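The values are calculated or read from the model by the stated rules, or taken from the named source; none is laboratory data. This is a predicted model, so every value here is computed, not measured. Don't worry about glycine lacking a Cβ; one is built from the backbone with ideal geometry, like all the others, and counts go over all protein chains shown.
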């Protein structure tokens, strides 16, 4: 249960559902409700597929590249810190209107990299490295499914959520998510340094 909540909270903070609300509204502006609901479902499925792929095959990729867990933890911590700074400062690159017309926004940029971005991928690979029994496998799978469901519900009812929270509420939740994510990032870097010191 502890592992479930750790995975769930970390991935939820990284994917930042409240921060997706204004982006999803902007990317699907002018679409009818039925098409918007379809895009929300597609984006959630794409994010789930990308994260699951790295969860299943990330270990083999690391082994092939000769990368050890402490190095991945350090890199992941630094990467998550960059994502956290974007959430805290509100400075992130958003797709232009021309780019949105040329591509299926459910795949890019919604499914990836907004939902299943570098931060979520690295965090997933780190959690997989820590799995040692069937209970943790089940906890990880349930947490991943729960996060995807939350993301889908957030996009599915983004209009209602935005009306309730308003711009200031969404902004506040995004900043809080950035603060929590920065703490997680620093913890990862600290654990990697301790591991390197023990090995040295």
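Taking segment 3-40 as the region of interest, how many residues are more than 28 Å from residue 172 (Cβ to Cβ) and touching a helix residue (DSSP H, G or I) at 6+ places or on another chain (Cβ under 9 Å)?
Number satisfying all stated conditions: 2.
Select from segment 18-38 the residues that are part of a helix (DSSP H, G or I) and buried (at least 22 other Cβ atoms within 10 Å of the Cβ) and list them in ascending order.
Within segment 18-38, 19, 20, 21, 24, 27 meet the criteria.
Residues 165, 173, 144: which one is in contact with a helix residue (DSSP H, G or I) (Cβ under 8 Å, 6 or more places away or on another chain) and either crowded, with 21+ Cβ neighbours inside 10 Å or outside any helix (DSSP H, G or I) (or both)?
Going through 165, 173, 144 in turn, the sole match is 144.
Where the second residue is modelled with pLDDT under 85 and assigned to a helix (DSSP H, G or I) and the first is farther than 16 Å from residue 14 by Cβ and lies in segment 70-95, which pairs have Cβ atoms under 6 Å and are six or more apart or on separate chains?
Filtered contacts from segment 70-95: 95/109.
Just one of 113, 95 is modelled with pLDDT under 85 and in a helix (DSSP H, G or I); which is it?
Within the list 113, 95, the selection yields 113.
Residue pairs, Cβ under 6 Å, 6 or more apart or interchain, first in segment 1-12 and over 19 Å from residue 116 (Cβ atoms), second surrounded by fewer than 16 Cβ atoms within 10 Å (Cβ to Cβ). List them.
4/142
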